[in-house]
Amino acid sequence: MLLLQYIVSGVATGCFLILATIGFSLTRHVEGFLNIAHAQLLGVSAFSTWWINVVLGWPLIPSAIIGIFCAALIGLVIGRVVYEPIRSAGPAILLISSVGVAHILGGLIDTAIGTGIRTLNIDIATSYRFWGIRITDHQLLVVALAVIASASLSLFLAKSRTGLAIRAMAVNPSLAASRGVDVKRTSRATWLLSSSLAGLAGVVLAIIATLSTEIAFEQILQILAVAILAGLGSLFTVIWSGLIIGIAMDASVFWIPAGYRPLIAFGVVIIVLVFRPDGLSGRRSS
Amino acid sequence: MTIALKAETKKYQRFFKTMGFCLGIFAMTLVSTMILPMRSAHAEKQVTVGVLVPLTGELGEFGTVVARSIELGVKQINTAGGTTCGKIRLVTRDTHGNPERGIREATKMIESEGAVAVIGPESGVMVALVDLAKRKKTVIMSPYAGTITLNKLGGDFVYRTVSSDLGDGDASGMWLTEKGYKKVAFLVQNEESTISPAQVAKKIVEKSGMKLTDFVIFNPGQPSYQAELISVLAHNPDAIYLAGGQQSGVTVIKEATSGGFAGEWLFTADLAVPEVFDNVGAEHINGRAYVEFADADRSLPEFKAFEKLYREEEGKEPGPFASNSFDMINLVALAIEASGQCSGSGINSAIRDVADGGSVVTTFAEGKAALAKGMNINFEGASGPLKFDKSGGVSGAYSIQAAKNGKWANEKFYPASVFKN
C-alpha cells in the first residue's frame, strides 16, 4: 500500500514535469535548440501571479491568467528580439544565448522581487483518501491541468492551420518554407505557445511550491531529463517521459534515501538511452 | 596690400589664440597637479573592510540583517574617532548564496578595494574563501557560518563569532529529550550545515530512548516534498525535527499539515524568521512549533545596550545574528587598533588577544582608550564572550522560541556553559 502511495505521488510529480517540459520540447522541435531560459519563464509567470494575487489582492484565476499572459508576452519578445536574428547561427549559438537570457531574466526577477520567500494567498491543500491512498486537491489540479494542456496542444497541432504549420516546420523547416509556410510567423506562434505553456507550469509551481527567486531555474535539470528521454518524437513521448521520470523518482524513495531522488531521473535517462539512443521516440534529429 | 595685411593679422591672431589655449591647459594641469596631492594629504585616512553577504535569494533576509548590524558597528567606531588606520570604509557585495560568486567578489574587494578583512559570508562561501584568505593574508569572518568543515579549516585568518553547528545539534537534542516525545522523525535538507547538527541531535535522541521513526534527507529546490513525507506521516510521530531552508521548509510544513500531521515541530535557525508565519499560515503552527538557533544571552548588559541601539536606529528588534555581526566589526577594529597595522596579517595577529585575557571592555571606544594606555583588553560583545578556540570559533548559547500568536516568543535559553562542544 505504501508503494502505491509513492506511485500516486509520482504521477503528480510526473504531471508537473509534463507541464514544465511540453513547451520546452515544442521549442526544441521547431527552433532546433535547447532553450535553457524556458525555466525562467516559469518564474516570470509564478511571480506575476503572486504579485497580482497577493500584492494587488486579486483572486487566483484572473491572477493566473495574467501570469500566463506575462510569460507568453516575454517569451514572444525574447524569441523575436534575441533568437530570431541569430536563428541561422545554429543550435550551439542559440543554446549559449539562451543561457545568457536565463541569467538576464534571473537577474531581473531578483531585482524585482528581492529577498525571502513568497506564497500565494490560497488555502493549504486538502487531502482526500481513496482506498487508503492519500491525494491532495493540489495534486489533482496538477494532474487535471497536465491532461487538459496536453490534450489541447495535441488538438491544436493536429487540427489548426498554425498547428499544422508548426508540425511541418518541426519536421523540415526548408521544405515547409518551400511549401508556403510562413517561417517567421510560425516561429513566433511557437514562441507564444511554448511560453504560454511555461506560464501555465509557473502558475502550478506557485500553487504547489514556496517561491524563492531561484526555484524556477532549479527545475531546468529535470526538464532537460524529460526532454532528452522523450527525444524528438510526438507530444505523447513527452507525456510518457514525464510520467516515467516522476514515478521513478518518487517510487525510488520507497527503497533508497530521498537525497538520491534527482539522480534517479538521470539514471533512468542513461538506462533508456543505452537501449534507445534517440530517446523514447527513436527519431533522429534532422 | 590691405588684404595681405589683414590676412597676416589674422594669422597672428590665430597663433596667439592657439598659444593662449595651450598655456591655459598647461596652467590648469600645473595647478591641478599641485592641488590634488594637497587635497589627498588633507583627505581622511581610511581602512576598507569588505562586507560579503547574501543580499538576494532565500538567505537575503539574514544577509540584510548582518550588513545593517555591521553598519551600526561602523557608525559607532567612526564616531569614536576610527582606528589607527583611519575610519572604517565598508564595501558591500552580494554573494547570491553562491560560493563561486563569493570568491569573485572577495577577490575584487581585496585586490581592487584594498579590503583588510572580508566579513559576513554564509557557510558555503566561507569554506570556499578559506584558501583565498590564507593566500592573500586577509581575515575572513562570519557571524553565522556554523559549518563543521570550518572546525578543521578555521583558526588562522578564518574566524567566526558563532559556535559550530555541533552546538545546534546539542541544543536541539536536549530540547527534544526535555519535551518527552515518544516518537520523533527527522527531515533534513541535503546540506552539510543541516546534516551535521542533525546527526548530533539524532545521537542524543537515540541515547534518550526515544524512537526515531525516520531520518529523511531531502534536496532543496523541489516544488513538492510529498514523496519524502509519505513514510514520515505513515509512522505518525509526536514531533518532526525539520532542518531546512525557508523555501523547502515552508513547503514541507504545509504539505505535512495538509497530510494530517498533528504533532509538534522543531525547526532550525533558517526558519527563525517571521516570514514563516505569513507563508505557512500562523494558525497551522501556533502553539505547536518551536525553533532552535544560536543566540546571544539577552540578559547581558552588552546585549541590552546593543538592542537599544538597534531599536533606535532600525525601529525594530535585532534580527537573527545581528549581535554576532555587530561584534564581528568591533573585533576587526580593535584588532587593527591593537596591532597598529593596517593589514589582514595585523588583524590576524591581534584578534585573539583583544577577545581574551585582559581588562573587560564592551565597546570599541572603551577598548581604544584601554589600548592607548597600554593595557591588554578582553572584548565582551553583545553576543556574549568571544574567546576564539583553536579553529577560530567561539562557544555559544542557544535559544528555543515557540510559535505564539503569529510570532516567535522566547521559550528556553541554553547558556554556553551547558555544552561540551
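Every number in this text was worked out from the coordinates using simple rules, so none of it is lab data. Keep in mind that what you see is a predicted model, and the values were worked out from it rather than measured. Cβ coordinates were reconstructed from backbone atoms using ideal geometry, including for glycine residues, and neighbour counts include every protein chain displayed.
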> Roughly how many nanometres apart are two label points built 7 Å out from the Cα toward the Cβ at B:Ser208 and B:Met375?
Replying inline: 4.4 nm
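Set the Förster radius R0 to 30 Å, insert the Cβ-Cβ distance between B:Glu411 and B:Asp389 as r into 1/(1 + (r/R0)^6), and round the FRET efficiency to 0.05. Spell out each step's value before the answer.
Numbers: r = 28 Å, r/R0 = 0.94.
The formula returns an efficiency of 0.60 here.
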> Where in the range B:340-357 does the label zone of B:Lys137 land, with the point 7 angstrom along Cα→C-beta and an amide N cut-off under 19 Å?
Replying inline: B:340-353
> With each pseudo-label sitting 7 Å past Cα toward Cβ, what's the B:Ala305-A:Ile65 distance in nm, one decimal?
Replying inline: 6.2 nm
> With +1 on each Lys and Arg Cβ and -1 on each Asp and Glu Cβ, how big is the dipole of the protein assembly as shown about its Cα centre, in debye rounded to the nearest 20?
Replying inline: 2420 debye
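What FRET efficiency would be calculated for the residue pair A:Leu2, A:Leu56, taking the C-beta separation as r and a Förster radius of 51 Å, to the nearest 0.05?
Working: r = 43 Å, r/R0 = 0.84.
After rounding to 0.05, the efficiency reads 0.75.
Is the range A:16-215 best put as rounded, prolate or oblate by its Cα gyration tensor, with a ≥ b ≥ c the root eigenvalues, rounded for a/c under 1.5, and otherwise prolate when a/b is larger than b/c, oblate when not?
Details: a/c = 2.32, a/b = 1.47, b/c = 1.57.
Oblate, because a/c is 1.5 or more while a/b does not exceed b/c.
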> Given H placed 1.01 Å from N in the peptide plane, which residues other than close sequence neighbours of B:Asn378 have an amide H under 5 Å from its amide H?
Replying inline: B:Gly358, B:Ser359, B:Val360, B:Val361
> Based only on the alpha carbon positions, what is the Kirkwood hydrodynamic radius of the range A:72-114, in angstrom?
Replying inline: 11.1 Å
> Per-residue HN-Hα couplings for the range B:118-128, Karplus 6.51 cos²θ - 1.76 cosθ + 1.60 at θ = phi - 60°, whole Hz, x for Gly and Pro?
Replying inline: 10, 10, x, x, 7, 3, x, 6, 4, 4, 5
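Counting each DSSP H run of 4 or more residues in the protein assembly as shown as -39500 (n - 2.57), what helix-only mean residue ellipticity at 222 nm follows after dividing by all residues, to the nearest 500 deg cm²/dmol? Could you put the intermediate results ahead of the total?
Numbers: 26 runs with 403 residues, N = 707.
Roughly -19000 deg cm²/dmol at 222 nm, from the helical runs in the protein assembly as shown.
Compute the relative contact order of the range A:238-285 as a whole-number percentage, counting only Cα pairs closer than 8 Å that sit 6 or more residues apart in sequence. List each step's numbers first, then the result.
Values: 22 pairs, mean separation 14.0, N = 48.
Reported as a whole number, the value is 29 percent.
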>> Testing the spin-label approximation: label points 7 Å from Cα along Cα→Cβ at B:Leu90 and B:Glu312. State their distance in nm.
In response: 1.7 nm
> Hey, got the average number of other protein chain Cβ atoms within 10 angstrom for residues in B:93-104?
Replying inline: 1
> Based on the alpha-carbon gyration tensor of chain B and its eigenvalue square roots a ≥ b ≥ c, which shape applies: rounded if a/c is under 1.5, prolate if not and a/b is larger than b/c, or oblate?
Replying inline: prolate
>> Quick query: amide H of B:Ile217 versus all other amide H atoms, modeled in the peptide plane; which residues come in under 5 Å with a sequence gap of 5 or more or a different chain?
In response: A:Ala258, A:Gly259, B:Val188
> Taking 1 over the mean of 1/r across every pair of different Cα atoms in the protein assembly as shown, what Kirkwood radius in Å do you get?
Replying inline: 28.3 Å
>> Per-residue Cβ counts within 10 Å, from other chains only, averaged over A:240-246: what number is that?
In response: 0
>> Tell me the relative contact order for chain A as a rounded percent, counting alpha carbon contacts under 8 Å between residues six or more apart.
In response: 36 percent
> Along the positive direction of the dipole of the range B:274-421 (beta-carbon charges: Lys, Arg +1; Asp, Glu -1; about the Cα centre), which of B:Gln341, B:Gly393, B:Gly315 reaches farthest?
Replying inline: B:Gly393
> Long-range amide H contacts for B:Val47: which residues qualify at under 5 Å (H placed 1.01 Å from N, peptide plane, sequence gap of 5 or more or a different chain)?
Replying inline: B:Lys87, B:Ile88, B:Arg89
> Okay, which of the range A:15-58 sit inside 16 Å, backbone N to the point 7 Å along the Cα-Cβ direction of A:Asp278?
Replying inline: A:29-30
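So for chain B, averaging the separation of alpha carbon pairs under 8 Å that are six or more residues apart and normalising by length, what relative contact order in percent results? Provide the component values of the computation, followed by the final result.
Working: 843 pairs, mean separation 69.5, N = 421.
Normalised by residue count, the contact order of chain B is 17 percent.
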> Out of B:Gly97, B:Pro301, A:Gln219, whose Cα points farthest toward the positive end of the dipole of the protein assembly as shown (charges: +1 Lys, Arg; -1 Asp, Glu; placed on Cβ)?
Replying inline: A:Gln219
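Using the Cα centre as the reference, give the magnitude of the dipole from point charges on the C-beta atoms of the range A:16-215 (Lys, Arg: +1; Asp, Glu: -1; all else neutral), rounded to the nearest 20 debye.
Working: 13 positive and 7 negative charges, 133 e Å.
Charge dipole of the range A:16-215: 640 debye, to the nearest 20.
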> Using θ = phi - 60° and the Karplus form 6.51 cos²θ - 1.76 cosθ + 1.60, what ³J(HN,Hα) does each residue of the range A:270-277 get, whole Hz, x for Gly and Pro?
Replying inline: 5, 4, 5, 5, 4, 8, 10, x
> What FRET efficiency, computed as 1/(1 + (r/R0)^6) with R0 = 51 Å and r the Cβ-Cβ distance, is obtained for B:Lys183 and B:Arg298, rounded to the nearest 0.05?
Replying inline: 0.95
> What ³J(HN,Hα) values, in whole Hz, does the Karplus curve 6.51 cos²θ - 1.76 cosθ + 1.60 give for the range B:140-152 when θ = phi - 60°, with x put for Gly and Pro?
Replying inline: 10, 8, 10, x, 9, 7, x, 3, 6, 4, 6, 4, 9
> Of B:Ser248, B:Leu233, B:Thr48, which is farthest on the positive side of the dipole of chain B, counting Cα position, with +1 on Lys and Arg Cβ, -1 on Asp and Glu Cβ, and the Cα centre as origin?
Replying inline: B:Thr48
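Taking the Cα centre as origin and putting +1 on Lys and Arg beta-carbons and -1 on Asp and Glu beta-carbons, what dipole magnitude results for the range B:74-195, to the nearest 20 debye? Intermediate values should be presented prior to the final figure.
On the way: 16 positive and 14 negative charges, 66 e Å.
With Lys and Arg at +1 and Asp and Glu at -1, about 320 debye.
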